[in-house]
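Asker: Sharing a structure below in structure tokens format, with a few things to ask.
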Amino acid sequence: MVAAALISAAALAGVALASPINIARELNQNYKTDITIHESCNATQRRILEKALSDTFEVATVAQEYVVKNGAEDPVFQKYFGKEKEAYSTVVGVWESLLTSNKDGVIFRCDNPDGNCGQAGWRGHWRGDNATLETVICDLSYTDRYFNEYFCMNGYTVAGSPLGTHWSIDLIHRMFHVPTITNELVGHYSEDYASALELAEHNATYSPIDSDALQAFAAHIYAVEVAQGGDACIGQSVESHDHASSATPSATSSQDPSATSAAAEACHTHADGAVHCESDDAESASLTATAAAAQTSAAGDCHTHADGTVHCV
């Protein structure tokens, strides 16, 4: 009996050793950290996107290095991400994922396969269920976005200007939507700059994975540490919505953008059909409407919640 048991144990050990998870494997040969620019982009678009992507990785690197060097007790870190114990590791991990995740098959394209670039004000969108690894950059992006050298110029402030003013922050946002880049961790839990700060103060569990908080933090750090814009470039936050500090936020992610109808400026679509838009007017009023009305008439820096409520900067 003892001998049989030993033989059986040895056999099981052999099976374990032969298991695919217990043998050395080569690293993924298709691993790449660069996003592919689609053949639909002409030479000028390609040059702009290559510069824009370089700017994006610069801003993300500066943001991550700031967190690593200054820690979770840093007042700027706590302004955007609160004081939850897990915030530090989560934020560092998000930036690490954006910078080093495998981007094999992740594509930026310049054509209009879903027809959304024909809608007024659209500057780009993630393709959602149509092609989860693809993002379309519409023509308006090439005339409306600024490179990093323009940080803190022309009246720009982190608190008062659209998050997508600069290519780098806009592409950070677009990369967050691609499932493979952060394993679908990052979502929209706040509605604007002010509510992102309220979230950090009152419901900080969500702040380290909130798209707006991460973008605003990256813009803040770059504006101060690299552009040397100081307080004047950060600006003052306007009052946000009363419910932002008390309600449990629900994230919106993306689905099939081809189903959306005409929407306002700088729009893209999330998983529940919600449309998230940017505006050049940072003082647009907050709107409440049904989801259907939101997708046809919402203005400003807008996005729609699961209950059909639309909020705009």
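Asker: Within the stretch 113-127, can one find any residue that is at positive phi, more than 13 Å from the chain's Cα centre (by Cα) and surrounded by fewer than 20 Cβ atoms within 10 Å (Cβ to Cβ)?
Answerer: Among the residues of the stretch 113-127, at least one is at positive phi, more than 13 Å from the chain's Cα centre (by Cα) and surrounded by fewer than 20 Cβ atoms within 10 Å (Cβ to Cβ), which makes the answer yes.
Asker: Further question: Are any residues in the stretch 169-207 under 13 Å from the mean Cα position of the chain (by Cα), surrounded by fewer than 23 Cβ atoms within 10 Å (Cβ to Cβ) and among the small types (Gly, Ala, Ser), and if so, which ones?
Answerer: 187
Asker: Would you pick out the residues in the stretch 28-71 that are among the charged types (D, E, K, R) and under 19 Å from residue 91 (Cα atoms)?
Answerer: Once the filter is applied, which keeps residues that are among the charged types (D, E, K, R) and under 19 Å from residue 91 (Cα atoms), the stretch 28-71 yields 58, 65, 69.
Asker: Kindly establish whether residue 97 is modelled with pLDDT of 95 or more, outside any loop (DSSP other than H, G, I, E, B) and out of contact with any helix residue (DSSP H, G or I) (no Cβ under 7 Å at 6 or more places or on another chain).
Answerer: no
Asker: Please specify each residue of the stretch 128-166 satisfying the condition of being buried (at least 20 other Cβ atoms within 10 Å of the Cβ) and closer than 23 Å to residue 102 by Cβ.
Answerer: 128, 134, 135, 136, 137
Asker: Please go through the stretch 212-239 and give me each residue that is within 16 Å of residue 165 (Cα to Cα) and among the aliphatic types (A, V, I, L, M), ordered by number.
Answerer: The answer is 213, 214, 216, 218, 219, 221, 223, 227, 234.
Asker: Please enumerate the residues belonging to the stretch 80-92 that are of a type in the set (Val, Ile, Thr) and touching a residue at least 40 places away in the same chain (Cβ under 8 Å).
Answerer: Listed by number, the residues that qualify are 90, 91.
Asker: Sticking with this structure for a sec: Limited to the stretch 152-176, what total is found for residues that are of a type in the set (A, V, I, L, M, F, W, C) and within 18 Å of residue 187 (Cβ to Cβ)?
Answerer: 6
Asker: Right, here's the next one. For the stretch 79-112, name all the residues that are on the phi > 0 side of the Ramachandran plot and touching a strand residue (DSSP E or B) at 6+ places or on another chain (Cβ under 9 Å).
Answerer: 105, the sole residue that qualifies.
One line per residue, one yes/no per condition, for (1) surrounded by 15 or more Cβ atoms within 10 Å (Cβ to Cβ); (2) in contact (Cβ under 8 Å) with a residue 40 or more places away in the chain; (3) of a type outside the set (S, T, N, Q); (4) over 28 Å from residue 113 (Cβ atoms):
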| site | (1), (2), (3), (4) |
| --- | --- |
| 30 | no, yes, no, no |
| 34 | no, yes, yes, no |
| 56 | yes, yes, no, no |
| 64 | yes, no, no, yes |
| 70 | no, no, no, yes |
| 73 | no, no, yes, yes |
| 78 | yes, yes, no, yes |
| 94 | yes, yes, yes, yes |
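Asker: Turning to a different aspect of this structure: Could you pull out the residue among 103, 83 that is under 23 Å from residue 62 (Cα atoms), of a type in the set (Lys, Arg) and touching a Ser or Thr at 6+ places or on another chain (Cβ under 7 Å)?
Answerer: 103
Asker: Here is a list: 114, 129. Which entry is among the acidic types (Asp, Glu) and under 24 Å from residue 43 (Cα atoms)?
Answerer: Result of the check over 114, 129: 114.
Asker: Within the stretch 149-158, is even one residue farther than 16 Å from residue 87 by Cα, touching a residue at least 40 places away in the same chain (Cβ under 8 Å), assigned to a helix (DSSP H, G or I) and in contact with a helix residue (DSSP H, G or I) (Cβ under 7 Å, 6 or more places away or on another chain)?
Answerer: Scanning the stretch 149-158, I find no residue that is farther than 16 Å from residue 87 by Cα, touching a residue at least 40 places away in the same chain (Cβ under 8 Å), assigned to a helix (DSSP H, G or I) and in contact with a helix residue (DSSP H, G or I) (Cβ under 7 Å, 6 or more places away or on another chain), so the answer is no.
The values are calculated or read from the model by the stated rules, or taken from the named source; none is laboratory data. What you see is a predicted model; the values in this text were computed from it and never measured. Cβ sites come from the backbone with ideal geometry, for glycine too, and all protein chains shown count toward neighbours.
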